[in-house]
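First the structure, in the form of structure tokens, and then the observations on it.
The values are calculated or read from the model by the stated rules, or taken from the named source; none is laboratory data. Keep in mind that this is a model prediction, so the values were computed, not measured. All Cβ positions, even for glycine, are placed from backbone atoms using ideal geometry, and neighbour counts span all protein chains on display. Please note that ligands, DNA and RNA were not included when accessible areas were found on the heavy atoms of the full protein model with its side chains. Shrake-Rupley method; radii C 1.70, N 1.55, O 1.52, S 1.80 Å.
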Amino acid sequence: MTYRRTIITLTAALACSCVAPAVESANAENPRTETASSVSQWGITWHFEEPASVGQFANGDHWVVGPVTITRITPDFDGEENGWEVNPTFPGPQGFSARMSHFDARLVPDLPYSAQPGESIVKVIHGKDAADNTLNTALETAAVLTVVDAPPPDNGRNTFRPPYVAGDKPLYTVDQLRTDLLPAWPHVSRAHDAITLDWVERQFQRVQLDHKGGSLGREIHPFRNIPDYGADVGRRNGDGVLRLMLDDPLDNKMPGLIAYVQYGIDLYHMYLDGHRWPAGGGQRPGQKIVLAFASVMLDDQQMQHEVTSMTEQQFLNEDFYVYFSPHANDGQGQVLFGTAGTEQRYWETLDQVGVHHSLRDPYGYIDGGVPPDGYQVCCLSQPWKGQVLAVHLMPELRPVWNNELMIQYVERWVTVGVWTQPDPIARQVPDTFHGRGVPGDGRFPDAHATMSDAGHYGSPFQNQLWDAHRDTSRASD
């Protein structure tokens, strides 16, 4: 396994609970090479057969020089709970918990285990409280131990943890960060009381376990690491990136910035492993801004190219739901909400209770779904708002974001709301549907221009920043 190494200077350090190893020796590149018989983080401990060289990356996660024999990982895996995996993958089952779907205990290696360089040992703790709450997950927390072939420069203090998923394990360095691009927008009175820089660090400092798709993707979210529901993830990710764009001293931003970019590195390598975060209603908003921000901050041209290309391929939630229709707005065109589907399916689901109402208007006149119900109001428009505001406030993100339609949609949602007029198609019920629209005065005429800036999973912090800075940022649009 090949690692990229660069010696750098870090302006702020991260604290992390761990077993303090003893100092063994010193050299020019690694002034404090340390050895230990175990390391601990977030209640998880890896035990080694013999003392090994250990240290921590910039975000606080541990590394160990391998090959190294791991004799025990506590809390112990009991055959069903507290599982662990080596280099987790997007496809296939999971070995973390029998209480989650697609469990396969064969993914948990036998101990003692000979860990090799290039391996990420991902361990979880069973969530003892999860059965009594509304969370989908059975996991409380997770942590990562990375096996390296040699100590990173400066014992890893200035190096991001390699991605925890299968594949290459590049060492991105903190000196790559283009901190000169970080905006310094003025604080808004009381807007940042809850969304502090300490909050950003706490939200993102634990590994963001999110490498599975579908319903399993939600199940593997440890509740102390990452929110359960995707709309909450989207809101949180928007809050986090925006908080890093205010006029605080750079040293104060660094711990949260490192944690947030680490999240982006992991997401990018999940994508390279085959992961996608497309529709799924409110399950999947929020990853795009993290990917775009990390690629710009790291000044990684290949990463930026990949994120940009995701738009055309609709690999991300934010690129899946909006489209431009030349028929809307009396033929002047409008960006509308809705996912692609057939004309017949649209009418069949329109009046069904419990159906996810997000199918687009097959005629291209109005927003999809059934206003004011459906995912447009429920779970998407507000989580998208913070991401679009971040693109406005940091212009370098815009070409990587590469979706002007989403920007136009959010602007329209905030100022107008639901779009349902003019509409020359009458409302129908499924048993009268004959495969075509019937002329009339509209399906939802009373809903037009209602619900402006409404919807669930909104953020007061984002709303105040939008009101304070959106107009100011228009000069750079």
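The table below lists the values:
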read-out	value
Options Asp248, Asp154; residue that is touching a residue at least 12 places away in the same chain (Cβ under 8 Å), among the acidic types (Asp, Glu) and assigned to a helix (DSSP H, G or I)	Asp154
Test for Val147: is it in a strand (DSSP E or B), in contact with a Gly (Cβ under 6 Å, 6 or more places away or on another chain) and modelled with pLDDT of 95 or more	yes
Flag for Glu306 being out of contact with any Gly (no Cβ under 8 Å at 6 or more places or on another chain) and crowded, with 24+ Cβ neighbours inside 10 Å	no
Answer from Leu336, Leu298, Leu316 - the residue that is at pLDDT 90 or above and either among the β-branched types (Val, Ile, Thr) or buried (at least 22 other Cβ atoms within 10 Å of the Cβ) (or both)	Leu336
Residue that is nearest to Tyr229 (Cα to Cα), among those in segment 135-151 that are open to solvent by less than 30 Å² (accessible area, probe 1.4 Å) and small (Gly, Ala, Ser)	Ala138
Given (1) among the hydrophobic types (A, V, I, L, M, F, W, C); (2) out of contact with any helix residue (DSSP H, G or I) (no Cβ under 9 Å at 6 or more places or on another chain); (3) surrounded by 15 or more Cβ atoms within 10 Å (Cβ to Cβ); (4) under 28 Å from Leu216 (Cβ atoms), number of the condition Ala98 does not satisfy	(2)
One residue from Met303, Met310, Met297 being among the aliphatic types (A, V, I, L, M), touching a residue at least 24 places away in the same chain (Cβ under 8 Å) and under 14 Å from Met406 (Cβ atoms)	Met310
Count of segment 179-214 residues which are hydroxyl-bearing (Ser, Thr, Tyr) and part of a loop (DSSP other than H, G, I, E, B)	2
Every residue from segment 398-421 that is within 25 Å of Gly440 (Cα to Cα) and surrounded by 16 or more Cβ atoms within 10 Å (Cβ to Cβ)	Gly417, Val418, Trp419, Thr420, Gln421
Segment 26-44, subset at pLDDT 95 or above and aliphatic (A, V, I, L, M), residue farthest from Glu81 (Cα to Cα)	Ala36
Number of the exception - Arg224 against (1) open to solvent by less than 10 Å² (accessible area, probe 1.4 Å); (2) touching a strand residue (DSSP E or B) at 6+ places or on another chain (Cβ under 6 Å); (3) not β-branched (Val, Ile, Thr)	(1)
Identity of the residue in segment 39-89, without any contact (Cβ under 8 Å) to a residue 40 or more places away in the chain and among the aromatic types (Phe, Trp, Tyr), that ends up least open to solvent (accessible area, probe 1.4 Å)	Phe48
Single match in Gly256, Gly274 (criterion: of a type in the set (Gly, Ala, Ser), over 14 Å from the mean Cα position of the chain (by Cα) and surrounded by fewer than 24 Cβ atoms within 10 Å (Cβ to Cβ))	Gly274
Segment 369-421, residues that are part of a helix (DSSP H, G or I) and without any contact (Cβ under 8 Å) to a residue 24 or more places away in the chain	Val388, Arg398, Glu404, Ile407, Glu411
Per-region count, segment 60-114, residues assigned to a loop (DSSP other than H, G, I, E, B) and of a type in the set (A, V, I, L, M, F, W, C)	7
Residue within segment 361-377 that is within 24 Å of His448 (Cα to Cα), hydroxyl-bearing (Ser, Thr, Tyr), at pLDDT below 95 and open to solvent by less than 10 Å² (accessible area, probe 1.4 Å) present	no
Matching residues in segment 175-201 - criterion: being surrounded by fewer than 14 Cβ atoms within 10 Å (Cβ to Cβ) and under 20 Å from the mean Cα position of the chain (by Cα)	Asp198
Among (1) among the basic types (Lys, Arg); (2) modelled with pLDDT of 95 or more; (3) open to solvent by 30 Å² or more (accessible area, probe 1.4 Å), the one test that Arg157 misses	(2)
Residue satisfying condition, being assigned to a helix (DSSP H, G or I) and surrounded by fewer than 23 Cβ atoms within 10 Å (Cβ to Cβ), within set Gly217, Gly167, Gly234	Gly217
